[in-house]
Amino acid sequence: MKRKKKIIIRIGVFFVGILFWQFGLFNRFNYLTGKIDSWRNSARIVTVGKPLPCGVPCIGLKEKYGFHESNVGCTVTGPQLRGIDSYNAEIEKYLNRRNGKDWRENYQAEMDSLIINNRLE
């Protein structure tokens, strides 16, 4: 190949790499891993920030609705956050197909009853 063509290919690969990085495709949680996790029926809802306490009844409720919760901490970058948003959007679509459109309200009602009865731990 000519030198000019090699340089153009390298620049193209560089810009594609930057684009993938900006959309969070090099992180654990992104659009592609969201699709893969929904195909495998191993959905996770990713949260950012301080994790909330959750005991055995809470974990059982999440398993009933077909997901686990994963917390990535408080310090995330912009590309990580975009990847997490893409991942959660794909998982939300999967959970809507699995549980129906109103599953969030039912889940929240059951979670509220656990909180009222002090059964989280």
>> Checking the structure you have, find out if any residue of the stretch 53-70 is of a type in the set (A, V, I, L, M, F, W, C) and outside any helix (DSSP H, G or I).
In response: yes
> Of all residues in the stretch 28-44, which are under 12 Å from ASP85 (Cβ atoms) and in contact with an Asp or Glu (Cβ under 7 Å, 6 or more places away or on another chain)?
Replying inline: TYR31, GLY34
> Which residues, taken from the stretch 51-70, are open to solvent by 50 Å² or more (accessible area, probe 1.4 Å) and touching a Lys or Arg at 6+ places or on another chain (Cβ under 8 Å)?
Replying inline: HIS68, GLU69
> Which pairs do you get when a residue that is without any contact (Cβ under 8 Å) to a residue 60 or more places away in the chain, found in the stretch 31-55, comes within reach of a residue that is among the aromatic types (Phe, Trp, Tyr) and open to solvent by 30 Å² or more (accessible area, probe 1.4 Å), reach meaning Cβ atoms under 8 angstrom, with the pair 6+ apart or on two chains?
Replying inline: TYR31/PHE23
>> Looking only at the stretch 34-50, filter to residues that are touching a Leu at 6+ places or on another chain (Cβ under 9 Å) and assigned to a strand (DSSP E or B); which one of those is least open to solvent (accessible area, probe 1.4 Å)?
In response: ALA43
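A quick yes/no check of all residues on (1) farther than 17 Å from TYR31 by Cβ; (2) buried (at least 16 other Cβ atoms within 10 Å of the Cβ); (3) at pLDDT 90 or above; (4) over 10 Å from the mean Cα position of the chain (by Cα):
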residue: CYS74; (1), (2), (3), (4): yes, no, no, yes
residue: GLN80; (1), (2), (3), (4): no, yes, no, yes
residue: ALA89; (1), (2), (3), (4): no, no, yes, no
residue: LEU95; (1), (2), (3), (4): no, yes, yes, yes
residue: ARG98; (1), (2), (3), (4): yes, no, yes, yes
residue: ASP112; (1), (2), (3), (4): yes, no, no, yes
residue: ILE116; (1), (2), (3), (4): yes, no, no, yes
> Which condition number does ILE36 fail, the rest of (1) at pLDDT 85 or above; (2) among the hydrophobic types (A, V, I, L, M, F, W, C); (3) within 21 Å of ASP112 (Cα to Cα) being met?
Replying inline: (3)
> In the stretch 71-115, how many residues are in a loop (DSSP other than H, G, I, E, B) and either without any contact (Cβ under 8 Å) to a residue 12 or more places away in the chain or over 16 Å from THR33 (Cβ atoms) (or both)?
Replying inline: 7
> Among PHE23, PHE29, which is the only one that is in contact with a strand residue (DSSP E or B) (Cβ under 9 Å, 6 or more places away or on another chain) and surrounded by 14 or more Cβ atoms within 10 Å (Cβ to Cβ)?
Replying inline: PHE29
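The values are calculated or read from the model by the stated rules, or taken from the named source; none is laboratory data. What you see is a predicted model, and the numbers here were worked out from it, not measured in a lab. Because the Cβ atoms are built from the backbone with ideal geometry, glycine has one as well, and the counts that use them run over all protein chains shown. SASA here: full protein model, heavy atoms, side chains in, ligands and nucleic acids out. Shrake-Rupley method; radii C 1.70, N 1.55, O 1.52, S 1.80 Å.
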